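The values are calculated or read from the model by the stated rules, or taken from the named source; none is laboratory data. Being a predicted model, the structure only gives us computed values, none of them experimental. For neighbour counting, all protein chains shown are included, and Cβ atoms are generated from backbone atoms with ideal geometry for every residue, glycine included.
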């Protein structure tokens, strides 16, 4: 595959124009979930953050972290060469290539992908146990459930094989440093599978339900855990995204427009 196979690209502003992101005009397009994930990951300037964005696509979440945390070093992991190439272009055009690199690996292969890349010694590996923060926005749907998206890249971004979510959790745990944080955003109805995959590898799990509006059921969850911790699970009060009409509440508006961290 080459960049031309992505078809037409759009040039979209994120973080109030602080990031300019190329992404395919058709198929899966990064948006609110990626920005919320980046804001929730806990990385802070001055802490030597080493961040891995698993299944990064065109790099929105990881690049949002790199823009907010001025000394963070970010690795974007993506299996689709066409998306990985766009992610490299996005890092360069936002002048972040000195702190952001792209590695082509399949997260769905679990920790074996990391171990094999290290053994190959290509210089484009993902060191095991090296990352203080690992983040992911996995595909939201299982293969064979619902209509498969017609475009290859859209299908790859939206769907994963049965059992693949556990492999994603293996990958994240292998990459995370001791005491490192994992942060995932996913559908609310995937919470059971997420807890099953994470609880065997991370402790101090915190679940933040996300509600479009007050009184509505949560449609997304953000879940975070710490490698090596034995602290119990916490279910937090849900976060409402929209207030009156279509406007975002001030906390979320600051995340989207100003690149603020999500204090949760």
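Within the range 179-211, being part of a strand (DSSP E or B) and without any contact (Cβ under 8 Å) to a residue 40 or more places away in the chain holds for 202, 203, 204, 205, 207, 209, 211. Would you check if residue 225 is touching a strand residue (DSSP E or B) at 6+ places or on another chain (Cβ under 9 Å) and within 14 Å of residue 183 (Cβ to Cβ)? The answer is yes for residue 225.
If you go through the range 107-123 one residue at a time, do you hit one that is surrounded by 14 or more Cβ atoms within 10 Å (Cβ to Cβ), at pLDDT below 85 and more than 19 Å from residue 68 (Cβ to Cβ)? The answer is yes; a qualifying residue exists. Per the listing 201, 148, 187, 220, the residue uniquely under 30 Å from residue 81 (Cβ atoms), modelled with pLDDT under 95 and in contact with a strand residue (DSSP E or B) (Cβ under 9 Å, 6 or more places away or on another chain) is 148.
Could you list, in sequence order, all residues of the range 37-71 that are farther than 19 Å from residue 222 by Cβ and in a loop (DSSP other than H, G, I, E, B)? Within the range 37-71, 45, 46, 47, 48, 58, 59, 70, 71 qualify. Taken together, the criteria place residue 230 among residues that are in contact with a strand residue (DSSP E or B) (Cβ under 8 Å, 6 or more places away or on another chain), under 25 Å from residue 134 (Cβ atoms) and not in a strand (DSSP E or B).
For the range 176-192, a residue qualifies if it is under 18 Å from residue 54 (Cβ atoms) and surrounded by fewer than 17 Cβ atoms within 10 Å (Cβ to Cβ), and exactly one does: 187. All of 34, 87, 92 fail the test of being surrounded by 18 or more Cβ atoms within 10 Å (Cβ to Cβ), assigned to a helix (DSSP H, G or I) and either on the phi > 0 side of the Ramachandran plot or free of Cβ contacts under 8 Å to residues at least 40 places away in the same chain (or both), apart from 87.
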